[in-house]
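The values are calculated or read from the model by the stated rules, or taken from the named source; none is laboratory data. Keep in mind the model is a prediction, meaning the values are calculated, not measured. Here the Cβ positions follow ideal geometry from the backbone for every residue, glycine too, while neighbour counts run over all protein chains shown.
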Amino acid sequence: MIKLAIVASNNVSIRDCAKKGTEIFVNILIKNLHKKAKKDNIGITAFASGDSVLPVGIEKVNHTASSKDKTIPDEKHIIFELALLSNAFSRQNEFDIFHINIGDGDIALPFIPFVKKPVLITFHNTVEAKYVKKYFSLYKKFKNVSFISASNAQRKLLPGINYAATIYHGIDIKKWKFSETGGENINWAGRAIPEKGPDEVIEVSNRANRKAKLFAISKSEHKNWFQSEVVKKIRNISDTRIYYNTERSKLLPHYQTSRLFLLPIKFEEAFGLVVIESIACGTPVVAYARGSIPEVVEDGVTGLIVNPSKTDIRGKWIIKKTGIEGLCEAVNRIYSLSESKYLKMRLSCRRAVEKKFTVERMVDDYINIYKKLGSNTNL
């Protein structure tokens, strides 16, 4: 039996109602690994916040230290994060593999010299360019550490390190159900921060004169920005709505009844779960060609890709205009599709997710990596 320790953040509860992408991923991975564990002879233990709800054993430090706990100052949460990692690695004789799922995994690196077992780190963030040189030397240093990238785009800043595989995230397509008809509004969901582009969603909505629905995860540090750059720029309040902190499961009908999902991301996002959730429901995506978008969205088939600017050309897409003008043209093009062509696009969306982005495919890919690492006796 392969004894697997999946190490998550101690600051966020891992459960079905999780809102952050990494915690959603960990919840999906563990729940579906658990279904296959007996057949594939894998024993799973989760190291996570004590208020997590999972179908496997949970190891925690004395304090749950969930970010909801206001008795601990924000700057002190790191102590409990380190304590959880220390707890996991101090028990290396009990496990064959450690799978780290905290940001880009850098917080685990100081422990690695004391760990003889294989350590697998899934990159959930894109490493900032200013840290690349320092990170590169650390990530290459340890022979027992290998990495999973969530997209090939994610590897660009850290090429040449020990990647085990690129494994695209997967979703439960039984949950994210397909709808043939769609609807008439533009949809957007994500953190209420500039990098996610909600301000440009409003600008495109205003220019195209189309109703938009925004599902924002509120962030206190960006509250003033969101109010001034997003809320106050809605021209017609009756046509556009902003919903705050909606449970992810309740997004389903909104994905299903939207004409398109608009994602003007302003950073190199490693992978966006909202993209495949929308596509699974049949709703095509319009997005800037940043990060993983060109790997996830097939231009003209499951949506339309737009180059960010005239000086930032990422590919030869159907839409030749760039920036906001390009987004507007892409949005108008999808609205102008005939009923039959639009249905064809929605069907193509669903088929793409069924082929590439199911949770079953993701879990099988991870199991293959676990088995490969578990059989490595040279460490």
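Values computed for the structure shown
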quantity: Residue list for the stretch 1-40, filter: outside any loop (DSSP other than H, G, I, E, B) and under 16 Å from the mean Cα position of the chain (by Cα); calculated: Ala8, Gly21, Thr22, Glu23, Ile24, Phe25, Val26, Asn27, Ile28, Leu29, Ile30
quantity: Condition met for Phe271 (closer than 18 Å to Tyr168 by Cβ, aromatic (Phe, Trp, Tyr) and not assigned by TED's automatic domain parsing to the domain that holds Val26); calculated: yes
quantity: Single residue of the stretch 310-343 satisfying the filter (of a type in the set (Val, Ile, Thr) and closer than 16 Å to Leu262 by Cα) that is surrounded by the most Cβ atoms within 10 Å (Cβ to Cβ); calculated: Val331
quantity: Residue ID - farthest from the chain's Cα centre (by Cα), chosen from residues in the stretch 86-121 that are under 18 Å from Asn27 (Cα atoms) and outside any loop (DSSP other than H, G, I, E, B); calculated: Phe98
quantity: Inter-residue pairs, beta-carbon under 9 Å, first modelled with pLDDT of 80 or more and in the stretch 137-149, second surrounded by 16 or more Cβ atoms within 10 Å (Cβ to Cβ) and polar (S, T, N, Q), 6+ apart; calculated: Phe147/Thr122; Ile148/Thr122; Ile148/Thr166; Ser149/Thr122; Ser149/Thr166
quantity: Residues located in the stretch 344-360, provided they are exposed (fewer than 15 other Cβ atoms within 10 Å of the Cβ) and in contact (Cβ under 8 Å) with a residue 40 or more places away in the chain; calculated: Leu347, Glu354, Glu360
quantity: Complete set of residues in the stretch 258-269 that are crowded, with 22+ Cβ neighbours inside 10 Å and either more than 19 Å from Tyr335 (Cα to Cα) or β-branched (Val, Ile, Thr) (or both); calculated: Glu269
quantity: Enumeration of residues in the stretch 366-379 that are at pLDDT 90 or above and surrounded by fewer than 17 Cβ atoms within 10 Å (Cβ to Cβ); calculated: Asn368, Lys371, Lys372
quantity: Scope the stretch 160-180; condition touching a Phe, Trp or Tyr at 6+ places or on another chain (Cβ under 9 Å), in a loop (DSSP other than H, G, I, E, B) and farther than 16 Å from Val359 by Cα; matching residues; calculated: Gly160, Ile161, Asn162, Ser179
quantity: Extreme residue, farthest from Arg235 (Cα to Cα), among residues of the stretch 182-196 that are buried (at least 24 other Cβ atoms within 10 Å of the Cβ) and not aliphatic (A, V, I, L, M); calculated: Lys196
